[in-house]
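The values are calculated or read from the model by the stated rules, or taken from the named source; none is laboratory data. This is a predicted model, so every value here is computed, not measured. A quick note on method: Cβ atoms are made from the backbone with ideal geometry, for glycine too, and the neighbour counts reach across all protein chains shown. All accessible areas refer to the heavy atoms of the entire protein, side chains included, with ligands and DNA or RNA removed. Shrake-Rupley method; radii C 1.70, N 1.55, O 1.52, S 1.80 Å.
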Amino acid sequence: MFNDIVNSATELLSAIRLSFKLDSARLLEVSLQVNYSEIVILSGPSGSGKTTLLRTLARMHPRIEGIMKLEGKNCMEIPPVKWRRNISYLSQYPAMLPGTVYDNLFYPCTLAVSRTSDFNKQLAIDLMQELGIPGEFMLKDAAVLSGGEQARIALIRTLLAEPKIILADEITAPLDDKNAYAVVNLLNRWVKGCGLSVIVVAHSPERWEKVIDREYNIAEMTEGTE
Amino acid sequence: MNSGVVPISDLNLILSVILVLIVGAISASLKLGMLKSLIWGSIRTFVQLFIMGYALVWIFSVDSPILVAGLVILMCFIASRTAVKRTPNISNFPAVLAFISLTASTYLVTFFVTFAVISADRWYTARIVIPIAGMVLGNSMNGLSLGIDRLYSEVRSRSWEIETQLALGATPWEAVRSHLKEALRAGMTPSINSLMVVGIVTLPGMMTGQILAGADPHQAVRYQIVVMLMVTAAAAAGCLLLVMLSYKRLFDKEGALRQELKGSGK
């Protein structure tokens, strides 16, 4: 009983018997729980459905059955747009929107779902510098940035949208070790300091091993459901 | 002024076939494989237009509101089916959406022109409504095809960008707004291009026809201006309506981009 109370108080996102199609032949079913302020790594071989699971959790891929809850509230009670703002999927190929870096970072503030249209420019510059991107890049055309720079700008853009969970899909893949660790450390700081939680899919899990709180292996989670 | 009409006799009409025969001979000698289509197309032109001529004579003489309204709807139906067939980037697009858009824009523009511009006594004056609806439909049909096809091709090629926006909390509308603008632009470009060059590069068919039929060129020009503007307005209205009616089809019930529209990656 006491454990149940503790679990419900710390539980941020839960998925219960969540099923989704991986392709025309495979249907996966998983259950998982993510608590406040934790980094969870999702491991498993290539093609096992990690990305599709993240996209299903973000309601960007159709779920067949099952329940998802955010802070104890059923996903059916939360509009998809609001859900995606809170559970933000960050792809390994994040697109830069047309315009400057500033336009990209400001973009989340322009959306109807945004609680405030105030853009914290100083925070954006601080984050850019922390990730090794000079503040002057703010006025650069986002399309001319390198792949690694775009990946870091995309992460900052997502952080500035203030989601409760980031579903980080191979976000350090285009980065060298130095920049990858800067990203991991930044996220860890936000997790510990701001209550953010992160679910990570990574081909190089060693970059994350010092900050990971828990691990889910998708092969074990989906055993017998294919 | 109509005394200037130069009638085309049966013999004159047959003489015009010589032009097609010359093109057919060239096609055959170069083995372009177009001879059959050329002959079939020419026969269809004769048959379809003669039937249309007789039908129009009958429709004009009956001048019934039900007949006129029904014929315009039939024209819209055929045009909408043709419009959705000319969209290589879309499979199974519902013709009903194109039909609604074309019908609404055609009726709106045709009756505005009939009433307000030409000041016809009756809204169902077949001699005015049918040719106007025909011209409006012929052009908006192309605009609609181009617009909706561009919308789908834009979304496919920029699906990654749209998904990024959705992941940040954008509504479907916010995520595709800029692509809707592109689609509208594509749908309206032919009409706007025509406005730019008319009278300089091209002499439009309707005006040429009127002049050949002996009409005063000043009046023919006035009619052509009305036609050009109404065609542009109809293409814009039809395209706008179709894009607004169909953009939600790009997304599933959760507002996520449909699987089949996703690109293969960056």
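Taking region B:131-166 as the range and being in contact with a Phe, Trp or Tyr (Cβ under 8 Å, 6 or more places away or on another chain) and among the β-branched types (V, I, T) as the test, only B:I148 passes. Among the residues of region B:161-169, is there at least one that is of a type in the set (G, A, S) and without any contact (Cβ under 8 Å) to a residue 60 or more places away in the chain? Yes. Yes or no: B:F46 farther than 30 Å from B:A233 by Cα, open to solvent by 60 Å² or more (accessible area, probe 1.4 Å) and either outside the structural domain of B:G134 (by TED's automatic domain parsing) or assigned to a helix (DSSP H, G or I) (or both)? Judged against the criteria, B:F46 is a match. Note on region A:44-67: residues that are within 21 Å of A:V184 (Cα to Cα) and touching an Asp or Glu at 6+ places or on another chain (Cβ under 6 Å) amount to 2.
Okay, residues lined up against (1) part of a loop (DSSP other than H, G, I, E, B); (2) open to solvent by less than 60 Å² (accessible area, probe 1.4 Å); (3) of a type outside the set (G, A, S):
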residue: B:A220; (1), (2), (3): no, yes, no
residue: B:L229; (1), (2), (3): no, no, yes
residue: B:A233; (1), (2), (3): no, yes, no
residue: B:C239; (1), (2), (3): no, yes, yes
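Hey, any hits in region A:25-39 for a residue that's within 11 Å of chain B (Cβ to nearest Cβ), open to solvent by less than 50 Å² (accessible area, probe 1.4 Å) and in contact with a Leu (Cβ under 7 Å, 6 or more places away or on another chain)? No, region A:25-39 contains no residue that is within 11 Å of chain B (Cβ to nearest Cβ), open to solvent by less than 50 Å² (accessible area, probe 1.4 Å) and in contact with a Leu (Cβ under 7 Å, 6 or more places away or on another chain). Scanning region B:53-70 for residues that are surrounded by 13 or more Cβ atoms within 10 Å (Cβ to Cβ) and free of Cβ contacts under 8 Å to residues at least 60 places away in the same chain yields a count of 3.
Within region A:79-105, which residues are surrounded by 19 or more Cβ atoms within 10 Å (Cβ to Cβ), without any contact (Cβ under 8 Å) to a residue 60 or more places away in the chain and either touching a Ser or Thr at 6+ places or on another chain (Cβ under 6 Å) or more than 10 Å from chain B (Cβ to nearest Cβ) (or both)? A:V81, A:A95, A:V101, A:L105 - these are the residues of region A:79-105 that are surrounded by 19 or more Cβ atoms within 10 Å (Cβ to Cβ), without any contact (Cβ under 8 Å) to a residue 60 or more places away in the chain and either touching a Ser or Thr at 6+ places or on another chain (Cβ under 6 Å) or more than 10 Å from chain B (Cβ to nearest Cβ) (or both). Go through (1) open to solvent by less than 40 Å² (accessible area, probe 1.4 Å); (2) more than 12 Å from chain B (Cβ to nearest Cβ); (3) assigned to a helix (DSSP H, G or I) for A:T158 and report which single condition fails. A:T158 satisfies every listed condition except (2). Just so you know, in region A:183-207 the residues that are open to solvent by less than 80 Å² (accessible area, probe 1.4 Å) and over 14 Å from the mean Cα position of the chain (by Cα) include one that is nearest to A:K164 (Cα to Cα), and it is A:G193. B:G169 falls short on exactly one of the conditions (1) modelled with pLDDT of 90 or more; (2) assigned to a helix (DSSP H, G or I); (3) open to solvent by less than 20 Å² (accessible area, probe 1.4 Å), and that condition is (2).
The one condition from (1) open to solvent by 30 Å² or more (accessible area, probe 1.4 Å); (2) more than 25 Å from B:S101 (Cα to Cα) that B:A215 does not meet is (1). Look at region A:40-64: where a residue is under 15 Å from B:K262 (Cα atoms) and within 11 Å of another protein chain (Cβ to nearest Cβ) and a partner is part of a helix (DSSP H, G or I) and among the acidic types (D, E), sitting 6+ places away or on another chain with Cβ atoms under 8 Å, you get A:M60/B:E163. Scanning region B:86-121 for residues that are open to solvent by 40 Å² or more (accessible area, probe 1.4 Å), assigned to a loop (DSSP other than H, G, I, E, B), closer than 25 Å to B:A55 by Cβ and without any contact (Cβ under 8 Å) to a residue 40 or more places away in the chain yields a single hit, B:D121. Within region A:162-178, does at least one residue satisfy the condition of being of a type in the set (K, R), exposed (fewer than 14 other Cβ atoms within 10 Å of the Cβ) and assigned to a helix (DSSP H, G or I)? Yes, region A:162-178 has at least one match. Scanning region B:242-257 for residues that are closer than 24 Å to A:W83 by Cα, assigned to a helix (DSSP H, G or I) and open to solvent by 10 Å² or more (accessible area, probe 1.4 Å) yields B:Y247, B:K248, B:R249.
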